[in-house]
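Structure, as structure tokens:
The values are calculated or read from the model by the stated rules, or taken from the named source; none is laboratory data. What you see is a predicted model; the values in this text were computed from it and never measured. Ideal geometry is used to build each Cβ from the backbone, glycine not excepted, and the neighbour counts take in all protein chains shown. Side chains are part of the model used for accessible areas, which takes the heavy atoms of the whole protein and leaves out ligands, DNA and RNA. Shrake-Rupley method; radii C 1.70, N 1.55, O 1.52, S 1.80 Å.
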Amino acid sequence: MSFSRTTRRMTRPQPRRAARAALVAFALATPLAGCSFFQAAPVQRGNRADPDLVAQLVPGVQTKTDVEALLGSPTATGTFDRNSWYYISSVTRMQPAGNPSSEQQRVIALTFDEGGVLRKIEQRGPDDMRNVSMVDRTTPVPGSERTLLQALFGNIGRVGAGNLGADTSPGGGPGR
């Protein structure tokens, strides 16, 4: 059985073509990495209070113990008032090459009286939130006017030669 040169050339794998095809496929797939197809799965954060369970709460009837047994421990309590409980939850999704985005944010605020009896239930969502702008000012720090070279080489020649031979061990100072 004999093969011609052209038959052998067609059946032999071509490493250059395969490498070139892989490189082209990678170059075409890289821009797609930012598409929503490649997003991470949503992640539940915080203590999500089930709406059906929250509907069972009746102000004036349940106590802190009852609420904790029904909804679990709160995400946070009031800083200045221990009679305020907050169940904070959100669903986040990691964005490719970016910060996580928050999709479903919800806060359930429960207020108790001094006896520990539930008095008020409030549900808050994204419509109740306020945007807080960051202050752009900086506080000047004395001594920060040095350049990079001054910072790197500024201590050369500042080491005092008077302490080179001194004994610095405990009890080894003057008057020993």
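Calculated from the alpha-carbon coordinates, the range 36-160 shows an Rg and a Dmax of 24.4, 78 Å respectively.
Solvent exposure of the range 48-141 amounts to 70 Å² per residue of accessible area, where only protein heavy atoms count and the probe is 1.4 Å. Each residue, residue 120 and residue 17, gets one label point 7 Å from its Cα in the Cβ direction; the gap between the two is 7.6 nm.
Highest average first, the peptides 16-26, 59-69, 82-92 ordered by how many other beta carbon atoms sit within 10 Å of their residues are 82-92, 59-69, 16-26.
So for the range 48-110, Kirkwood radius off the Cα pairs, Stokes-Einstein at 37 °C and 0.692 mPa s: how many µm² s⁻¹? For these conditions, the coefficient is 247 µm²/s.
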